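J.: One structure is given below, represented as structure tokens, and several questions about it will come after.
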Amino acid sequence: MKLGDTMDISLLFDEIMLFLGNYGFIIVIVFGILHPIIDNPWSFFTMSLSITLLGIPFGYSLLLISNVIGIVLVFVILKMIDQRSENYLYKKKISGKVLKWLETTETWRHIIVIGLPLVPTFFLKLSFPFTKMSFKKYFGTVIGSYLFLYTIYSLVYFGVLSFLMDNIPNYVGVLLLFVFSVFIYFSKTIKEKLLGGIDSHEN
């Protein structure tokens, strides 16, 4: 990539942020709430907009709070449908097997798969309320997947865009890439200590 191309990308990004300006706050909240419901593909844009306009601490906080609202809404609405149908899907042969498989699969596997960027996993999130899974486990699984997703997106945002934009220090991207490398090498130990506790509480 040429220097001129890099400058053009940086200027374009700044212009988009300036254009959205006052509407950015509302867009982050709306998209953040909608994401657990329809699994929209613009989560990277939403995260970038949030931390660019609102700063890193408040930007991440607002985004996660919006996601939490969406997560709770999905569970409440679908659980009501499940109760009114008298657990229809759970009692059916094929759908029942799928739902029981979701219950018995390790939590950390759901977190990683659902948290992978650009992978259409909304059907998994929408299936959880139809299982016998408790709200605590459901919430921990979905919010864990979002933390995993935003970790990957943050590596892209700070690691790649830091070399294209002057307002992001290069050392931030390097540090995050190093942390990600450590996580890859020691993921098994981290998984057992941090994610294994969710399953142990439920058993």
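J.: If VAL119 meets every condition in (1) under 17 Å from the mean Cα position of the chain (by Cα); (2) touching a residue at least 12 places away in the same chain (Cβ under 8 Å) apart from one, which number is that one?
T.: (2)
J.: How many residues does segment 44-57 hold that are touching a Leu at 6+ places or on another chain (Cβ under 7 Å) and touching a residue at least 60 places away in the same chain (Cβ under 8 Å)?
T.: Final tally of qualifying residues: 1.
J.: Working only within segment 106-148, note down all residues that are of a type in the set (S, T, N, Q), more than 24 Å from PHE44 (Cβ to Cβ) and surrounded by 14 or more Cβ atoms within 10 Å (Cβ to Cβ).
T.: THR107, SER127, THR131 - these are the residues of segment 106-148 that are of a type in the set (S, T, N, Q), more than 24 Å from PHE44 (Cβ to Cβ) and surrounded by 14 or more Cβ atoms within 10 Å (Cβ to Cβ).
J.: Output yes when any residue across segment 84-105 is within 29 Å of SER50 (Cα to Cα) and part of a helix (DSSP H, G or I), and no when none is.
T.: Checking segment 84-105: not a single residue is within 29 Å of SER50 (Cα to Cα) and part of a helix (DSSP H, G or I).
J.: Could I ask something else about it? If I go through segment 117-136 residue by residue, how many of them are over 18 Å from LEU147 (Cβ atoms) and part of a loop (DSSP other than H, G, I, E, B)?
T.: 5
J.: Still on this structure: Quick one: would you say MET7 is surrounded by 14 or more Cβ atoms within 10 Å (Cβ to Cβ), in a helix (DSSP H, G or I), at pLDDT below 90 and of a type in the set (A, V, I, L, M)?
T.: no
J.: Please state which one of ILE77, ILE81, ILE51, ILE69 is assigned to a helix (DSSP H, G or I), within 14 Å of the chain's Cα centre (by Cα) and of a type outside the set (Phe, Trp, Tyr).
T.: Going through ILE77, ILE81, ILE51, ILE69 in turn, just one is assigned to a helix (DSSP H, G or I), within 14 Å of the chain's Cα centre (by Cα) and of a type outside the set (Phe, Trp, Tyr): ILE69.
J.: Name the residue that is surrounded by the most Cβ atoms within 10 Å (Cβ to Cβ), counting only residues in segment 44-84 that are more than 23 Å from LYS137 (Cβ to Cβ) and polar (S, T, N, Q).
T.: Among residues in segment 44-84 that are more than 23 Å from LYS137 (Cβ to Cβ) and polar (S, T, N, Q), the one surrounded by the most Cβ atoms within 10 Å (Cβ to Cβ) is SER50.
The values are calculated or read from the model by the stated rules, or taken from the named source; none is laboratory data. Computed from a prediction, not measured in an experiment: that's the story for all the values here. Positions of Cβ are generated from backbone atoms using ideal geometry, with glycine treated the same way; all protein chains shown enter the neighbour counts.
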